[in-house]
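Let me begin by presenting the structure, written as structure tokens, before commenting on it.
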Amino acid sequence: KINMSQEKELDMTDRDPNQLNAHVKVQFEDVLAEPDGAHSIDCVWRCSYMCFNCGKNCCYKLMTTLCGLFIALYWGCEFAFITFDQVWCITPGLRIFSIYMGCAQKFFGTCVTCFLAPICETCGLMFSNINVKNQ
């Protein structure tokens with residue numbers, strides 16, 4: 001049993017500690033930029049900044065409120081299925097395959113030794129009597 005006090009504490013500030021989404025750049029400066037020589041009026045740029053952030057934050061919070069719990073539940077179930085499949089199906093199947101292939105390897109090695117070793121030994125004896133003289 002795991003009590004709520006024993007569960008891992010969530011870091012409510014750094015919500016991407018493993019940098020899974022480091023590539024997702026969504027800040028105003030990552031999306032909109034005016035090059036030198038093409039600047040809008042300062043008031044427009046400031047208002048654009050506020051509108052961008054307000055729209056992004058409101059829409060993101062609305063979408064996560066409406067869908068986030070269901071999507072998290074789906075992904076939790078999906079990873080549970082993957083874990084179940086790996087633990088109960090794939091890993092035992094690989095173990096069985098490894099056991100049978102080990103037997104097949106011994107069988108094949110014995111056959112090769114029984115059938116090819118005498119042939120190779122005979123060929124070796126035939127060619128061992130060849131003398132090469134360089135003049």
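Quick rundown of the values:
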| quantity | calculated |
| --- | --- |
| Leu10, sole failed condition from (1) assigned to a loop (DSSP other than H, G, I, E, B); (2) over 21 Å from the mean Cα position of the chain (by Cα); (3) surrounded by 10 or more Cβ atoms within 10 Å (Cβ to Cβ) | (3) |
| Residue tally, condition in a helix (DSSP H, G or I) and surrounded by 10 or more Cβ atoms within 10 Å (Cβ to Cβ), over segment 22-53 | 12 |
| Matching residues in segment 123-135 - criterion: being in a helix (DSSP H, G or I) and exposed (fewer than 10 other Cβ atoms within 10 Å of the Cβ) | Gly124, Leu125, Met126, Phe127, Ser128 |
| Hey, Asp16 at pLDDT below 95 and surrounded by 10 or more Cβ atoms within 10 Å (Cβ to Cβ) or not | yes |
| Residue in segment 87-101 that is surrounded by 10 or more Cβ atoms within 10 Å (Cβ to Cβ), assigned to a helix (DSSP H, G or I), more than 32 Å from the chain's Cα centre (by Cα) and not hydrophobic (A, V, I, L, M, F, W, C) present | no |
| Tabulated pairs, segment 8-19, first of a type in the set (Asp, Glu), second open to solvent by less than 100 Å² (accessible area, probe 1.4 Å) and assigned to a loop (DSSP other than H, G, I, E, B), C-beta under 7 angstrom, 6+ apart or interchain | Asp11/Pro17 |
| Any pair with Cβ under 8 angstrom, 6 or more apart, that starts in segment 32-46 at a residue that is under 21 Å from Lys56 (Cα atoms) and without any contact (Cβ under 8 Å) to a residue 60 or more places away in the chain and ends at one that is surrounded by 10 or more Cβ atoms within 10 Å (Cβ to Cβ) and among the charged types (D, E, K, R) | Trp45/Glu34 |
| Qualifying position, being surrounded by 10 or more Cβ atoms within 10 Å (Cβ to Cβ) and not β-branched (Val, Ile, Thr), among Cys77, Cys114 | Cys77 |
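The values are calculated or read from the model by the stated rules, or taken from the named source; none is laboratory data. This one's a predicted model, so the numbers in the text were calculated from it and none came from an experiment. Using ideal geometry, Cβ is built from the backbone for each residue, glycine included, and neighbour counts are taken over all protein chains shown. Ligands, DNA and RNA are stripped out before the accessible areas are found, and what is left, the full protein with its side chains, is counted by its heavy atoms. Shrake-Rupley method; radii C 1.70, N 1.55, O 1.52, S 1.80 Å.
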